[in-house]
Structures are given as structure tokens and as C-alpha cells.
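Right, one structure below, let's go through it.
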Amino acid sequence: MVTLVYIAFGVLTLSALLCLFRIAMGPTAPARTVAIDTLGTLLVGFCAMVALQDASDFYLNVAIAWALLSFIGSIALAKFLEGKGFDE
């Protein structure tokens, strides 16, 4: 079980690094937006993995809050890139 957790942390870390590369070098704004959204999802995965190791509800609460904020941020950024205001 412990080896599987370390492998999962490694995969999440590699995926986060690839997302950071796409954010820095992305050719278009929508590509960067998708990378930012994916990075938020990966951070929720990190919180869930830490919650599994610590057996604490705190990290699960952080993961839920982060997922909600990431979703709202993605919608706001998509509307901004589309050129519409928040009241339309």
C-alpha cells in the first residue's frame, strides 16, 4: 500500500510539472486555461492522497474547498476569455 501511494505521488508530481510547463509555454490562452484547471484538479488529488496518509478530515475539507474555487475560477476565466461580462 505504501509503495502505491509513493507511485501516485510521483505521477501527480510529474503531471503537475507538465501542467506548469504548459502554463508557461502554452501557445494560446485557452491552452493555458485548461492547464490551470488541470493543475487545480491535481492539487485536489494531492490533498486526497495526504488525507489518506494522515486519516484526517481536514485535508478532505481543503480538497473540497479547492475544487469549488477551481471550478468557479475556471468559469470566470472562460467568460473573460470569451469577452463577456459576469452579468450576461
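Structural remarks
- Cα centre as origin, Lys/Arg/Asp/Glu Cβ charges: the chain dipole, Debye: 280
- Backbone HN-Hα couplings from phi across region 8-17 [Karplus 6.51/-1.76/1.60, Hz, Gly and Pro as x]: 5, 4, x, 5, 5, 5, 4, 5, 5, 5
- Unit Cα scatterers, Debye sum, region 2-82: log10 I(q)/I(0) for q = 0.13, 0.20, 0.21 Å⁻¹: -0.46, -0.90, -0.96
- Relative contact order %, region 2-82, counting alpha carbon pairs below 8 Å whose residues are six or more apart: 27
- Sequence of Asp54, Asp37 once ranked by neighbouring C-beta atoms within 10 Å, starting from the fewest: Asp54, Asp37
- Packing here is the average count of other Cβ atoms within 10 Å per residue, and on that basis the peptides 38-44, 75-81, 25-31, 58-64, highest first, run 38-44, 58-64, 75-81, 25-31.
- Peptides 11-18, 46-53 ordered by average Cβ neighbours within 10 Å, highest first: 46-53, 11-18
- Rounded to the nearest Hz, the phi-derived 3J(HN,Hα) couplings of region 66-74 under the Karplus curve 6.51 cos²θ - 1.76 cosθ + 1.60 (θ = phi - 60°) are 5, 5, 5, 5, 5, 5, 5, x, 5, where x marks glycine and proline.
Values in this text are rule-based calculations from the coordinates and carry no lab data. Computed from a prediction, not measured in an experiment: that's the story for all the values here. Glycine gets a Cβ as well: all are built from the backbone with ideal geometry, and neighbour counts include every protein chain shown.
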